[in-house]
Amino acid sequence: MAKKIFRSHSRGLLLDDWPCMKAPEVLRNLSDVCRLKHLSYATEKSYAGWVQSYSRAVARMPKAWTSEKKAEAFLTGLAKREVAAATQNQAA
């Protein structure tokens with residue numbers, strides 16, 4: 001039986017098992033969830049871009065860091081690059 005990957009949340013979708021999944025599997029599941037939620041294709045592409053960006057960033061981070069530390073470092077990196085607040089909110 002397939003394990004539930006995404007669960008609904010009031011702010012969007014949460015990925016339960018990020019460390020155990022490869023990027024192509026995450027993107028497939030993301031696409032399925034976006035379609036089930038009837039999100040626009042543009043939204044799906046945007047989410048996929050953020051997954052890929054986060055995946056690349058995590059690959060450069062120390063393996064010993066917790067998921068929370070990695071997420072914090074990713075968002076801090078966006079802030080240091082002086083991207084717009086709306087972009088940071090979309091990534092979060």
Net charge near Lys70 (other residues with Cβ under 14 Å of its Cβ; Lys, Arg +1; Asp, Glu -1) is +2
Violations at 22 Å Cα threshold for listed pairs Lys22/Lys45; Lys22/Lys80; Lys22/Lys69 -> Lys22/Lys80
So, relative contact order of the range 23-91 in percent, Cα under 8 Å, 6 or more apart, is 26 percent
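First select every other residue whose beta carbon is under 13 angstrom from the beta carbon of Val58; then total the charges, Lys and Arg +1, Asp and Glu -1.
Values: positive: Lys22, Arg56, Arg60, Lys63, Lys69, Lys70; negative: Glu68, Glu72.
After counting each charged neighbour, the total is +4.
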Treating every alpha carbon of the range 23-91 as one equal point scatterer without solvent, the Debye formula yields log10 I(q)/I(0) values at q = 0.15, 0.17, 0.23 Å⁻¹ of -0.56, -0.70, -1.07
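Bear in mind that the values in this text are calculations on the coordinates, not laboratory data. Here the structure is a predicted model, which means the values were calculated and not measured. Please note: Cβ atoms are built from the backbone with ideal geometry, for glycine as well, and neighbour counts cover all protein chains shown.
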